[in-house]
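For reference, the structure discussed in these notes is given below.
The values are calculated or read from the model by the stated rules, or taken from the named source; none is laboratory data. Bear in mind that the values here come from a model prediction, so they are computed numbers and not experimental data. Positions of Cβ are backbone-derived with ideal geometry, glycine not excepted, and every protein chain shown enters the neighbour counts. Note: accessible area is taken over every heavy atom of the protein model, side chains too, but ligands, DNA and RNA are not part of it. Shrake-Rupley method; radii C 1.70, N 1.55, O 1.52, S 1.80 Å.
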Amino acid sequence: MSCLDGAAKNIYGFLPDAHRTALVEQNIRRGLADSLRTIFGIVDGELKIDLTNAGRLLRLVESGPVLPACFGLYTDLVMALSNAEMDLAQTILDELLRFQPEAGDSLRLVSLSDEDLGAGQADRYRKLFISDVEFPFAMPLPNERVRAEEMVGAGLDLLRMATPGSYAEITTILREIVLVSAPPVQGRMTIAGGAVFSLWGAILVNVQCLVDRMSAAATIEHEAVHLILFGMANGGRLVLNEDDKRYSSPLRPDLRPMEGVAHATYVSVRMHRLFEAILSSGELTQEERK
């Protein structure tokens, strides 16, 4: 994708800022459109391109928020072309050009099902998310999903009332909260959620960790801030350390790449700020304050 343009030069910062996040979101979409335009030009003649649908897709991507599946399709198209799998690339390209990418204004709560995400998208989401979270997950049971939706709704309401800046930032960048179920496994750390640049605008949330509205608010904020960091780096890296080098982290027992430590540092301080804001808001019950 293209590098940051001059209009978005002020995207870096720490405190919640919906305006900055909107610049990040716009820049990412412009980068996607530029990259797709380049791909269409390169493969024209090798692959069949419906130019009418290609033009429509580019206009929609540039004009407003798009569904995370659009980024997932783009990612798979790039991988197929990089591996010279031209038949697969044609199939993905055809799917992408038929895709209706508009995200609309509402934040969607979905599960890993084609019924929620569209034909063939559940497997794509699972594959792309598993590259980040590295733990087995499944669709929530019906009763788990109902309770999770209640907790997510309550968590978002808490953010809106207690930390309106965080809420505005989150709703600027998030398009989908993908609910999964990953019960605790003996000897392994339980992961509350995940985020990947290749599904820009979506976060993964483990319903097993949504015990109350505080945990829901924290998980949503945590993963949304990871997305914002991905956007600040335009899908690239925050640090120059080599990926195969591992470092200790105060937050996890395993050694991690410095990129992960940098993300964890930024996100952890944002989480500390979030809890301070919620505590001072007057919105919590006495039990929640404890």
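Summary of computed values
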quantity	calculated
Projected area, mean over directions - region 138-178, Cα convex hull, nm²	3.1
For region 200-215, 3J(HN,Hα) per residue [Karplus equation, 6.51 cos²θ - 1.76 cosθ + 1.60, θ = phi - 60°, Hz, x = Gly/Pro]	3, x, 10, 10, 9, 10, 7, 4, 5, 9, 8, 8, 7, 5, 5, 5
Overall dimensions of region 83-233 as given by Cα atoms, namely Rg and Dmax in Å	16.0, 51
Exposure of Met258 as accessible area (Å², to 10), given a probe of 1.4 Å and all protein chains	50
Between region 14-50 and region 145-219, the Cα center-to-center distance that results, in Å	26
Arg147 - accessible surface, heavy atoms, 1.4 Å probe, Å² rounded to 10	110
Residue-averaged 222 nm ellipticity for the chain, from DSSP H runs of 4+ at -39500 (n - 2.57), nearest 500	-18000 deg cm²/dmol
Under 5 Å, built H, 5+ apart or other chain: amide partners of Arg108	Glu176, Ile177
q = 0.13, 0.15, 0.18, 0.28 Å⁻¹, region 213-266: log10 I(q)/I(0) [Debye, one scatterer per Cα]	-0.37, -0.48, -0.67, -1.10
Relative contact order (%) - the chain, alpha-carbon pairs under 8 angstrom, separation at least six	18
Sequence ranges 82-88, 166-172, 121-127, 100-106, ranked by mean other-Cβ count within 10 angstrom, highest first	166-172, 121-127, 100-106, 82-88
In order through region 239-250: 3J(HN,Hα) via Karplus (6.51 cos²θ - 1.76 cosθ + 1.60), integer Hz, x for Gly, Pro	10, 9, 4, 5, 5, 7, 8, 10, 9, 6, 9, x
Reciprocal mean inverse distance between Cα atoms of the chain - Kirkwood radius, Å	20.0
Candidate residues Thr190, Thr219: accessible-area rank, largest first, probe 1.4 Å	Thr190, Thr219
Bridge type composition, the chain - antiparallel percent by DSSP, nearest 5	40
Label-reachable residues, region 25-52, where backbone N falls under 12 Å from a point 7 Å from Arg59's Cα toward its Cβ	52
Peptides ranked, highest mean first, by Cβ atoms within 10 Å: ranges 262-273, 60-71, 197-208	197-208, 60-71, 262-273
For region 176-182, Karplus couplings with θ = phi - 60° (6.51, -1.76, 1.60), whole Hz, Gly/Pro x	9, 10, 9, 8, 9, 10, 9
Sorted largest first, extent of region 1-103 alpha carbons per principal axis (Å)	46, 25, 20
The chain, accessible surface, carbon-and-sulfur percent (1.4 angstrom probe)	55
Rg to Rh, two decimals, where region 151-284 supplies the alpha carbon set and Rh follows Kirkwood	0.97
Principal axis dimensions, largest first and in whole angstrom, of region 191-230 by Cα	28, 14, 14
Tail weight of P(r) past 17 Å, computed on alpha-carbon pairs of region 16-64, percent	42
